[in-house]
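S.K.: I have a structure here, written as structure tokens, and I will follow up with some questions on it.
The values are calculated or read from the model by the stated rules, or taken from the named source; none is laboratory data. Here the structure is a predicted model, which means the values were calculated and not measured. Ideal geometry is used to build each Cβ from the backbone, glycine not excepted, and the neighbour counts take in all protein chains shown. Surface areas here come from the heavy atoms of the whole protein model, side chains and all, with no ligands, DNA or RNA. Shrake-Rupley method; radii C 1.70, N 1.55, O 1.52, S 1.80 Å.
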Amino acid sequence: MSLISQMNFQNPWWVSKDKIFEDEHVKRALSSNPRFIMQPLNESLLIIGPRQVGKTTFMKTTIMSLLEKEEPTKIFFFSCDSLKDKEELISLVSQYRSFINPERGFIFLDEITFVKDWNVGLLHLFNAGYFKNSIVYVSGSSSASLLRETLPGRPIKKVVYYPLNFRVFFSTFFTRIKASTVKLFNVKGVYEASLKLLPYLSELNRALLAYVRKGGFLATNYASGDPIFLYEVYKDAVLSDLAKLGKDEVLFKEVLGKIVESYGSRISENTISKETSIGSHNTVASYLDLAEKLFLLRIFRKIEGGKVNIKSFKKVYFIDPFIFRVIKRYTKGEDITDNDIPHVIEGIVGEHLAREYEGVGYTFFKGGKEVDFIVDDVGVEVKFGKGDFRDLRMQKGYILTLDDLGIEGEKAKIPISIFLYLISSEKVFY
């Protein structure tokens with residue numbers, strides 16, 4: 001009996017709209033108002049990103065779109081968590097291509113990192129021609145291992161599926177504004193575009209506070225009321241990855257706890273090791289690196305003279321505000337407070353800059369004056385309340401506040417919500 005036949009009872013090779021629609025996440029994405037459906041991309045993808053962000057839902061809604069114009073036998077979806085090793089992966093795909101659809105097709109391999117030596121198996125399938133003339137989508141939950149994989153020379157593009165940025169969030173759940181993305185380096189252009197968005201400032205600020213609570217995950221935004229009831233789902237997903245990677249949860253929790261305590265402030269591996277039971281700065285560094293690879297947090301390093309100082313203190317923020325809420329509850333037993341909000345918004349600004357530009361860091365000068373974020377020669381200072389042009393200790397850049405708007409030379413005061421909307425793209429995949 002073939003491997004496909006053996007597994008038909010739980011994961012058949014054929015797909016239909018009814019079967020895909022049985023998935024609760026797909027049903028919610030297709031039925032909710034507003035609907036958020038990404039258009040299929042006409043290229044092979046290796047999809048990485050945080051847990052629970054919607055990678056499987058994207059695959060299945062893509063299949064729904066394909067079924068409008070393709071025969072079901074042309075589309076192959078398989079959740080690989082029932083496969084043991086690369087041999088079973090190779091056997092599965094080779095049987096599909098040999099006996100069911102040897103021609104052009106669409107192949108979706110979900111949760112591929114459950115398979116031992118999955119990358120070796122995938123390379124073999126490319127080299128042996130089983131993916132010839134086909135679009136291949138591959139995703140996995142263990143993003144740490146997917147992040148390392150490049151599949152050199154193979155026709156597959158690696159993309160990161162992040163939680164929605166503020167522009168896409170606002171366009172989806174509030175109002176779509178006709179305003180193009182503006183380059184950060186054009187301070188006057190950003191200021192002039194901001195003037196045109198002033199009529200939307202109240203709604204943008206209301207959306208920003210909702211974004212602080214719900215983040216950019218689809219599940220948290222489709223949830224009725226406060227989505228913190230999804231805490232266990234997100235926490236357990238992260239701890240599952242941690243266990244599969246053989247890491248110590250106690251050390252992991254201590255490191256993340258110190259990040260929460262010092263949120264928005266400069267911190268070092270030495271500081272964390274001395275203020276916890278860990279003792280070793282190298283161990284702290286390894287857990288920070290792991291958390292970054294699992295798409296929990298992003299590390300910003302000091303920029304000096306246009307170069308990164310890897311030995312200096314770092315600033316660390318979670319990549320999404322809902323992740324901050326989950327990790328704070330996990331490590332401290334508490335939810336977000338009003339005192340946290342300015343620091344969380346600072347982290348949101350940093351994350352949006354880092355998604356759109358390379359080499360984002362921070363800097364500080366003698367006397368302790370810090371610039372929250374720096375991109376080349378542009379500084380960004382985040383002030384949750386009122387701001388002054390003197391708050392930015394650089395010649396060019398932005399002072400971000402709740403509602404101030406003005407320009408003085410190469411410095412502009414811009415409302416945070418307007419700034420986030422204008423500098424962000426419409427992208428979900430980066």
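S.K.: Being part of a loop (DSSP other than H, G, I, E, B) and aliphatic (A, V, I, L, M): is that true of ILE177 here? So that I can check it myself, show each step before the final result.
M.R.: Values: part of a loop (DSSP other than H, G, I, E, B): yes; aliphatic (A, V, I, L, M): yes.
Yes.
S.K.: Still on this structure, please answer the following. Going by the conditions given, is VAL115 among the β-branched types (Val, Ile, Thr), closer than 22 Å to LYS244 by Cβ, touching a residue at least 12 places away in the same chain (Cβ under 8 Å) and surrounded by 16 or more Cβ atoms within 10 Å (Cβ to Cβ)? Spell out the reasoning first.
M.R.: Values: among the β-branched types (Val, Ile, Thr): yes; closer than 22 Å to LYS244 by Cβ: yes; touching a residue at least 12 places away in the same chain (Cβ under 8 Å): yes; surrounded by 16 or more Cβ atoms within 10 Å (Cβ to Cβ): yes.
In short, yes.
S.K.: Kindly indicate which of TYR211, TYR200, TYR191 is more than 18 Å from the chain's Cα centre (by Cα) and within 22 Å of ARG355 (Cα to Cα).
M.R.: On the way: TYR211 fails: more than 18 Å from the chain's Cα centre (by Cα); TYR200 fails: within 22 Å of ARG355 (Cα to Cα).
Result: TYR191 is the single residue among TYR211, TYR200, TYR191 that is more than 18 Å from the chain's Cα centre (by Cα) and within 22 Å of ARG355 (Cα to Cα).
S.K.: For the list (1) in contact with a strand residue (DSSP E or B) (Cβ under 9 Å, 6 or more places away or on another chain); (2) open to solvent by 20 Å² or more (accessible area, probe 1.4 Å); (3) not basic (Lys, Arg), I need the number of the one condition that ASN270 fails.
M.R.: Single failed check for ASN270: (1).
S.K.: Another question, then. Kindly indicate which of VAL160, VAL138, VAL168 is β-branched (Val, Ile, Thr), touching a Ser or Thr at 6+ places or on another chain (Cβ under 9 Å), modelled with pLDDT under 95 and within 22 Å of PHE322 (Cβ to Cβ). Even if it seems obvious, please write down each step before you answer.
M.R.: Working: VAL138 fails: within 22 Å of PHE322 (Cβ to Cβ); VAL168 fails: modelled with pLDDT under 95.
Residue meeting the stated conditions: VAL160.
S.K.: Another question, if that's okay. For VAL284, indicate whether it is open to solvent by 10 Å² or more (accessible area, probe 1.4 Å), among the aliphatic types (A, V, I, L, M) and either over 18 Å from LEU164 (Cα atoms) or without any contact (Cβ under 8 Å) to a residue 40 or more places away in the chain (or both). So that I can check it myself, show each step before the final result.
M.R.: On the way: open to solvent by 10 Å² or more (accessible area, probe 1.4 Å): no; among the aliphatic types (A, V, I, L, M): yes; either over 18 Å from LEU164 (Cα atoms) or without any contact (Cβ under 8 Å) to a residue 40 or more places away in the chain (or both): yes.
In short, no.
S.K.: Specify which of the listed residues (VAL308, VAL349, VAL371, VAL375) is within 19 Å of ARG213 (Cα to Cα) and not small (Gly, Ala, Ser).
M.R.: Sole residue among the options that is within 19 Å of ARG213 (Cα to Cα) and not small (Gly, Ala, Ser): VAL349.
S.K.: Name the residues in the stretch 109-123 that are part of a loop (DSSP other than H, G, I, E, B) and within 21 Å of the chain's Cα centre (by Cα), would you?
M.R.: We begin by selecting, within the stretch 109-123, every residue part of a loop (DSSP other than H, G, I, E, B); these are 111, 115, 117.
Matches in the stretch 109-123: GLU111 only.
S.K.: Could you please let me know if TYR287 is closer than 24 Å to ARG213 by Cβ and either more than 21 Å from the chain's Cα centre (by Cα) or at pLDDT 95 or above (or both)? Please lay out each step first, then the result.
M.R.: On the way: closer than 24 Å to ARG213 by Cβ: no; either more than 21 Å from the chain's Cα centre (by Cα) or at pLDDT 95 or above (or both): yes.
In short, no.
S.K.: With the structure loaded, tell me whether ILE336 is open to solvent by less than 60 Å² (accessible area, probe 1.4 Å), of a type in the set (A, V, I, L, M, F, W, C) and in a loop (DSSP other than H, G, I, E, B) or whether it fails that test. Explain how you work it out, then say what you get.
M.R.: Details: open to solvent by less than 60 Å² (accessible area, probe 1.4 Å): yes; of a type in the set (A, V, I, L, M, F, W, C): yes; in a loop (DSSP other than H, G, I, E, B): yes.
Yes: the conditions hold for ILE336.
S.K.: Given the criteria of a type in the set (A, V, I, L, M) and farther than 23 Å from ASP372 by Cα, does VAL255 qualify? Give the derivation first.
M.R.: Working: of a type in the set (A, V, I, L, M): yes; farther than 23 Å from ASP372 by Cα: no.
No.
S.K.: Out of ARG298, ARG329, ARG355, I need the residue that is in a helix (DSSP H, G or I), open to solvent by 20 Å² or more (accessible area, probe 1.4 Å), touching a residue at least 12 places away in the same chain (Cβ under 8 Å) and touching a helix residue (DSSP H, G or I) at 6+ places or on another chain (Cβ under 9 Å). Which one?
M.R.: Values: ARG298 fails: in a helix (DSSP H, G or I); ARG355 fails: touching a helix residue (DSSP H, G or I) at 6+ places or on another chain (Cβ under 9 Å).
Every option except ARG329 fails the conditions.
S.K.: Residue check: is PHE313 within 25 Å of ASP376 (Cβ to Cβ), aromatic (Phe, Trp, Tyr) and open to solvent by 20 Å² or more (accessible area, probe 1.4 Å)? Steps first, answer last, please.
M.R.: Working: within 25 Å of ASP376 (Cβ to Cβ): yes; aromatic (Phe, Trp, Tyr): yes; open to solvent by 20 Å² or more (accessible area, probe 1.4 Å): yes.
In short, yes.
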